[in-house]
Amino acid sequence: MNEYYKDILTGAVFITGLIGFISGEFIISSTLFASAAIASNVQLNTKRGDNGNLSCD
């Protein structure tokens with residue numbers, strides 16, 4: 001999957017969680033926020049180099 005599509009999917013999950021939070025679906029929105037955070041961190045960690053620093057590739 002392309003990085004662009006991963007970013008769009010993560011953003012869509014976050015926006016859906018925000019809408020769920022506003023409408024009062026707190027359990028669903030918490031799950032969506034958690035999945036967006038995990039997906040974002042996984043993407044960030046795959047971009048790290050061997051020395052633990054972010055690469056500019």
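Each reported figure results from applying straightforward, stated rules to the coordinates on display, with no laboratory input. Just so we're clear, the structure is a prediction, and the values are computed from it rather than from any experiment. Glycine gets a Cβ as well: all are built from the backbone with ideal geometry, and neighbour counts include every protein chain shown.
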- ³J(HN,Hα), Karplus 6.51/-1.76/1.60, whole Hz, each residue of the stretch 3-17, x for Gly, Pro: 4, 4, 5, 5, 5, 5, 5, 5, x, 5, 5, 5, 5, 5, x
- Item | Approximate spin-label separation SER23-ALA39, in nm, with each point projected 7 Å along Cα-to-Cβ | 1.8
- Expected unfolding gain across THR16-GLU3 under the 0.36 nm per residue rule, minus the alpha-carbon gap, is 2.7 nm
